Amino acid sequence: MAEVESFALDHTKVQAPYVRLAGRKPVGSGVVEKYDLRLAQPNREAIPTASLHTLEHLLAGYLRDHLEGVIDLSPMGCRTGFYLVVEGSLEEERVLVALERALRDVLLHEGPVPGAGLRECGNYRDHDLEGARAWAERVLREGLRVQPTVPLRP
């Protein structure tokens, strides 16, 4: 089996909430980067599915408002955060500022959740805007930081 970067991360030594550069891959004449946007402390808590789903829908748009080159935002299966994939080489601080701004946008979001209808969403009944706002508020209150990678093996 191919090596998976996140399986080599020592999840007992990271401190959420954080932003972490999780990978950089040359593609053609450019580069693609993957960021670990961790909102909940691994193995201690998990974001409820409906809140995570709503955060995914909102952050997918709001991050694009604050950061160029966004390719994808995907929730982690462990429900502790998201992976952000971007085109180009960014700095973790720039991603951190964009995430803070996007989380503030989540707090101010009014109206329906984008893309959360029967035709646009694969599980449209599973959303919780108030829960998403509560997680956004919590992360902003606790404060994001840049987390260096802590490998399992030195």
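Here are the numbers:
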| read-out | value |
| --- | --- |
| Selected residue (criterion: farthest from residue 141 (Cα to Cα)) from residues of region 1-49 that are basic (Lys, Arg), in contact (Cβ under 8 Å) with a residue 40 or more places away in the chain and not in a loop (DSSP other than H, G, I, E, B) | 24 |
| Matching residues, region 116-154, being at pLDDT 95 or above, in contact with a strand residue (DSSP E or B) (Cβ under 9 Å, 6 or more places away or on another chain) and either open to solvent by 70 Å² or more (accessible area, probe 1.4 Å) or among the β-branched types (Val, Ile, Thr) (or both) | 145, 146 |
| Residues satisfying the stated conditions in region 22-36, i.e. in contact with a Lys or Arg (Cβ under 8 Å, 6 or more places away or on another chain) and not charged (D, E, K, R) | 22, 23, 31, 32, 35 |
| Criterion (open to solvent by 50 Å² or more (accessible area, probe 1.4 Å) and among the β-branched types (Val, Ile, Thr)) met by exactly one of 32, 70, 95, 27 | 27 |
| Qualifying position, being of a type outside the set (Val, Ile, Thr), part of a loop (DSSP other than H, G, I, E, B) and under 19 Å from residue 75 (Cα atoms), among 148, 114 | 114 |
| Of the criteria (1) without any contact (Cβ under 8 Å) to a residue 40 or more places away in the chain; (2) part of a strand (DSSP E or B), which one residue 63 fails | (2) |
| So residue 100, is it modelled with pLDDT of 95 or more and surrounded by fewer than 13 Cβ atoms within 10 Å (Cβ to Cβ) | no |
| Condition broken by residue 13, with the remaining ones in (1) in contact with a Lys or Arg (Cβ under 9 Å, 6 or more places away or on another chain); (2) open to solvent by 60 Å² or more (accessible area, probe 1.4 Å) satisfied | (1) |
| Which numbered condition residue 55 misses (of (1) within 12 Å of the chain's Cα centre (by Cα); (2) exposed (fewer than 12 other Cβ atoms within 10 Å of the Cβ)) | (2) |
| When residues of region 73-92 are limited to those that are open to solvent by 10 Å² or more (accessible area, probe 1.4 Å) and small (Gly, Ala, Ser), the one nearest to residue 7 (Cα to Cα) | 77 |
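The values are calculated or read from the model by the stated rules, or taken from the named source; none is laboratory data. What you see is a predicted model; the values in this text were computed from it and never measured. Here Cβ is always computed from backbone atoms with ideal geometry, including for glycine, and neighbour counts include all displayed protein chains. Just the protein is used for accessible areas: all its heavy atoms, side chains included, with ligands, DNA and RNA removed. Shrake-Rupley method; radii C 1.70, N 1.55, O 1.52, S 1.80 Å.
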